[in-house]
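Visitor: First, the structure itself, so that you have it in front of you.
The values are calculated or read from the model by the stated rules, or taken from the named source; none is laboratory data. Only a predicted model underlies this, so the values are computations on that prediction, with no experimental measurement involved. Please note: Cβ atoms are built from the backbone with ideal geometry, for glycine as well, and neighbour counts cover all protein chains shown. Side chains are part of the model used for accessible areas, which takes the heavy atoms of the whole protein and leaves out ligands, DNA and RNA. Shrake-Rupley method; radii C 1.70, N 1.55, O 1.52, S 1.80 Å.
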Amino acid sequence: MARFKVRARTVDMLGRQQIAGIPTAISELFKNAHDAYARNAEVDFFRSENLLVLRDDGLGMTREDFEKRWLTLGTDSKVGAKGLARPPKDPSQEERPILGEKGIGRLAIAVLGPQVLIVSRAKRDDLLPVNTVVAYLNWGIFELPGLDLEEVVVPIREIDSGSMPDSELVESMVLEVIESLTEIKHRIDPVSLEVLIRQVRDFKVDPELLASELGLPSLKGDGFGTHFYITPTDDLIKDDIDNRADERKATRFEKNLIGFTNTMTPGFKAPPILTKFRDYVDEGAPIERIGDKAFFSPQEFEEVDHHVIGTFDEYGQFQGKIGVYQKEPEPYVLNWDKSDGTPTACGK
């Protein structure tokens with residue numbers, strides 16, 4: 001009887017090689033934060049340190065969640081399969097539609113940078129207190145030919161709830177990966193191995209220090225959620241942000257991310273999650289690339305020339321209201337000229 005075997009390179013092919021670009025990668029991580037019932041998902045990009053920090057205040061992960069969900073590709077819990085329970089929900093919020101469904105959105109991190117430290121603390125009413133989980137991954141390992149997936153070592157630590165890992169703990173995890181690579185060095189190209197080990201040794205992150213500088217969302221005290229520390233960052237992040245052919249127009253980066261949540265329409269309830277991207281170009285105050293200050297405000301929405309609100313029924317007919325040049329919106333009906341009295345394929 002024969003069986004499938006999975007090479008470590010599969011993770012790279014399913015993740016980094018399938019993501020369209022930097023904005024798509026960040027959007028995938030925002031979707032994961034949304035599905036974790038986060039109210040805030042924020043990115044801080046430190047250019048001089050080649051460090052990107054993505055933090056959310058969602059429900060976070062226990063160690064079991066991290067091992068059985070985060071480290072499992074194509075998890076089937078979201079489709080109601082037997083075995084793994086569905087992801088937790090926040091009873092204090094309205095139920096959210098699931099945005100991520102293929103179970104590989106987390107692999108988008110590899111597009112942003114080759115190494116990541118994950119720090120997560122779960123909020124569970126039936127589990128108190130919950131330890132903070134810390135894990136380290138180097139995505140370059142998944143690019144090595146001839147390596148099976150189960151041979152990749154992912155160091156995991158648990159620390160007291162309300163605390164953050166320091167540089168000493170991170171260093172111990174880095175050394176664990178180097179030891180695992182040394183054990184299989186006879187099967188790895190020596191040049192590739194040397195480059196990889198040098199990169200792993202250069203991973204220097206101190207979440208405890210950063211936590212005091214960044215503020216909320218935080219995992220200290222009573223905080224919960226998931227944080228990602230990615231370094232070194234891919235140069236494409238800077239290129240995508242700075243690639244502005246016309247100062248009057250938004251970049252591709254802004255177009256893809258600036259409207260992830262709607263903050264402009266007055267009278268509508270607040271979006272379930274707010275996203276931000278702060279760009280630390282120099283030692284001064286960061287530039288807010290996306291966020292409620294960067295997107296249209298309710299006042300700007302009120303000042304636009306035309307407002308349209310309504311619905312299309314199952315026959316393609318539009319019915320609603322249209323306001324022109326700040327005039328009071330008036331009822332409006334528009335029939336679809338190609339309708340023959342039969343319902344459309346897309347429905348209402």
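Visitor: What is the spread of the Cα atoms of segment 88-233 along each of their three principal axes, largest first, in whole Å?
Guide: The Cα atoms of segment 88-233 stretch 53, 35, 27 Å along the principal axes, largest first.
Visitor: Same structure, new question: Given the whole protein assembly as supplied and a 1.4 Å probe, what does the accessible area of Lys89 come to in Å², nearest 10?
Guide: 110 Å²
Visitor: Past 26 Å, Cα to Cα: identify those pairs from Lys89/Lys348; Lys68/Lys238; Lys68/Lys123, in the order given.
Guide: As for pairs spanning more than 26 Å Cα to Cα, those are Lys89/Lys348; Lys68/Lys238.
Visitor: For the chain, what is the calculated [θ] at 222 nm in deg cm²/dmol (nearest 500), taking -39500 (n - 2.57) for each run of four or more DSSP H residues and dividing by its residue count?
Guide: -6500 deg cm²/dmol
Visitor: Sticking with this structure for a sec: ³J(HN,Hα) across segment 86-92 via Karplus (A = 6.51, B = -1.76, C = 1.60, θ = phi - 60°), whole Hz, x for Gly/Pro?
Guide: 4, x, x, 10, 9, x, 7
Visitor: So, one more: Using a probe radius of 1.4 Å on heavy atoms only, what accessible surface per residue do you get for the chain? Whole Å² is fine.
Guide: I get 57 Å² per residue for this part.
Visitor: How large is the translational diffusion coefficient of segment 21-61 in µm² per second when you combine the Kirkwood radius over alpha carbon pairs with Stokes-Einstein at 20 °C and 1.002 mPa s?
Guide: So the translational diffusion coefficient is about 198 µm²/s.
Visitor: Same structure again: What ranking of Val324, Val111 comes out by heavy-atom accessible area, probe 1.4 Å, highest first?
Guide: Val324, Val111
Visitor: Restricting the calculation to Cα positions, tell me the Rg (one decimal) and the Dmax (whole number) of segment 264-348 in Å.
Guide: Both quantities, over Cα of segment 264-348: 19.4, 64 Å.
Visitor: List the residues, sorted by chain then number, that are 5 or more residues from Leu99 or on another chain and whose placed amide H is less than 5 Å from its amide H.
Guide: The list, which skips near neighbours in sequence, is Asp35.
Visitor: Hey, could you pull the Cα Rg and Dmax for the chain, both in Å?
Guide: For the chain, the Cα-based Rg and Dmax read 23.2, 76 Å.
Visitor: Given the options Gly320, Gly58, Gly223, which has the most mean-square fluctuation in a GNM of the chain, springs set between C-alpha atoms less than 10 angstrom apart?
Guide: Maximum fluctuation in the GNM of the chain, among the listed residues, is at Gly320.
Visitor: At a Förster distance of 41 Å, what's the computed FRET efficiency of Ile159 paired with His186, Cβ-Cβ distance as r, to 0.05?
Guide: Working: r = 35 Å, r/R0 = 0.85.
Once rounded, the FRET efficiency stands at 0.75.
Visitor: Given H placed 1.01 Å from N in the peptide plane, which residues other than close sequence neighbours of Leu147 have an amide H under 5 Å from its amide H?
Guide: When sequence neighbours closer than 5 places are left aside, the close amide H contacts are Ala8, Arg9.
Visitor: Relative to the first principal axis of the alpha-carbon coordinates of the chain, what is the inclination of helix 190-201, with its axis defined by its Cα atoms, in degrees from 0 to 90 and to the nearest 10?
Guide: 70 degrees
Visitor: Still on this structure, I have one more. Residue by residue through segment 273-281, what is 3J(HN,Hα) from phi via Karplus (6.51 cos²θ - 1.76 cosθ + 1.60, θ = phi - 60°)? Round to whole Hz and write x for glycine and proline.
Guide: Karplus values, whole Hz, x for Gly and Pro: 9, 10, 10, 9, 9, 9, 10, 8, 6.
Visitor: For Gln115, what residues show an amide H to amide H distance below 5 Å, using hydrogens built from the backbone and excluding near sequence neighbours?
Guide: Placed amide hydrogens put Trp139, Thr231 under 5 Å from Gln115.
Visitor: Now for a separate question. Among Ala25, Ala270, Ala41, which one shows the biggest mean-square fluctuation in a GNM of the chain, springs joining Cα atoms closer than 10 Å?
Guide: Looking only at Ala25, Ala270, Ala41, the largest GNM fluctuation is found for Ala270.
Visitor: For the chain, which whole-number percentage of the solvent-accessible area (1.4 Å probe, protein heavy atoms only) is attributable to carbon and sulfur atoms? Walk me through the numbers before you get to the answer.
Guide: Numbers: 10230 of 19700 Å².
Within the chain, the accessible surface is 52 percent carbon and sulfur.
Visitor: Could you state the angle between the C-alpha long axis of helix 167-183 and the longest principal axis of the C-alpha atoms of the chain, as a value from 0 to 90 degrees rounded to the nearest 10?
Guide: Helix 167-183 sits roughly 70 degrees off the main axis of the chain.
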